[in-house]
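The values are calculated or read from the model by the stated rules, or taken from the named source; none is laboratory data. Since the structure is predicted, the reported quantities are computational estimates derived from the model, not experimental observations. Don't worry about glycine lacking a Cβ; one is built from the backbone with ideal geometry, like all the others, and counts go over all protein chains shown.
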Amino acid sequence: MRQIRANDLGIAAISFVEGVRDGRPWADYLQVIGPGAVEVILTQLQGWAVSTDVGLGQELIARGARRLRHAHSMYADLTDLPSAPSAPPEGVRFTPVDRSPDDIYPAMSLAYPPGHPDHPDEPRDRDEVMATDLIPLLDGTLVGPLMPCSALAVNDQGAVVAGVFVNDFKTVPWVTEVFRHPELSVPGTGGRLLRHVQLQAAAAGVTRLGLAVTDGNPAQRVYSRLGFTVTHTSFTVVIGETP
């Protein structure tokens with residue numbers, strides 16, 4: 001349900017879907033519906049994450065907001081996929097997500113090196129990532145249940161080299177993680193694994209799969225090749241925190 005916030009004159013200025021992001025209250029899909037929207041956001045949404053269009057996001061940054069992410073939502077139609085399975089690279093097999101968080105963490109933690117658009121702005125220790133990201137994704141408490149089409153790529157030594165997680169996000173099958181170990185896997189492993197997940201999802205009756213990709217991430221080209229198309233672009237900022 002959309003929430004409405006009014007300006008000082010009592011006129012509706014913004015609407016948004018309320019949620020939680022990274023432990024903060026989150027105004028998602030925020031739209032301007034009346035005068036004074038920027039002032040309403042800056043005064044009434046202190047400490048909130050705000051996702052909106054690029055223009056408003058940049059205006060909020062100019063007024064002191066901190067950028068979190070510029071991302072594109074993409075969706076793929078799974079009703080007309082090739083019937084042939086996606087073969088893993090030599091020396092690798094695709095498996096369900098049947099490994100422990102401890103086994104998965106090394107590949108996930110190294111997937112976004114310095115210079116990558118998704119490299120964290122500040123270092124995060126293992127315990128924090130495990131407690132706030134990985135374990136909640138796997139047990140379904142972060143965004144929704146992990147779906148059976150999710151998969152890992154495992155090498156002959158038993159190490160996890162890549163992964164694709166799909167969670168049921170408010171009844172929408174959503175790719176929440178695509179990661180690849182930069183040293184233990186060959187280029188192309190992530191794309192092949194994602195195609196495998198698409199085929200698994202389609203076989204289970206899923207007709208549409210969504211994901212978000214950070215602007216500038218070269219993986220967007222892979223997603224486009226696999227049938228994902230951009231449907232929405234958003235800018236997410238935090239209000240009231242020093243950049």
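Structure above, values below:
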{"read-out": "Selection from region 21-40 of residues that are modelled with pLDDT of 95 or more, touching a Ser or Thr at 6+ places or on another chain (Cβ under 8 Å), surrounded by fewer than 17 Cβ atoms within 10 Å (Cβ to Cβ) and not β-branched (Val, Ile, Thr)", "value": "31"}
{"read-out": "Criterion (in contact with a strand residue (DSSP E or B) (Cβ under 8 Å, 6 or more places away or on another chain), modelled with pLDDT of 95 or more and under 30 Å from residue 203 (Cβ atoms)) met by exactly one of 6, 13, 49, 76", "value": "76"}
{"read-out": "Criterion (in the same structural domain as residue 103 (by TED's automatic domain parsing) and of a type in the set (Gly, Ala, Ser)) met by exactly one of 240, 216, 163", "value": "163"}
{"read-out": "In region 7-36, the residues that are farther than 23 Å from residue 134 by Cα and either touching a Lys or Arg at 6+ places or on another chain (Cβ under 7 Å) or part of a strand (DSSP E or B) (or both)", "value": "12, 13, 14, 15, 16, 17, 18, 27, 29, 30, 31, 32"}
{"read-out": "Filter result for the condition that a residue is on the phi < 0 side of the Ramachandran plot, touching a residue at least 40 places away in the same chain (Cβ under 8 Å) and in the same structural domain as residue 177 (by TED's automatic domain parsing), over 109, 150", "value": "150"}
{"read-out": "Of all residues making up region 99-139, the number that are surrounded by fewer than 17 Cβ atoms within 10 Å (Cβ to Cβ) and aliphatic (A, V, I, L, M)", "value": "4"}
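Condition check ((1) in a helix (DSSP H, G or I); (2) farther than 25 Å from residue 55 by Cβ; (3) modelled with pLDDT of 95 or more; (4) over 15 Å from the mean Cα position of the chain (by Cα)) across all residues:
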position: 184; (1), (2), (3), (4): no, yes, no, yes
position: 187; (1), (2), (3), (4): no, yes, no, yes
position: 201; (1), (2), (3), (4): yes, yes, yes, yes
position: 217; (1), (2), (3), (4): no, no, no, no
position: 232; (1), (2), (3), (4): no, no, no, no
position: 241; (1), (2), (3), (4): no, no, no, yes
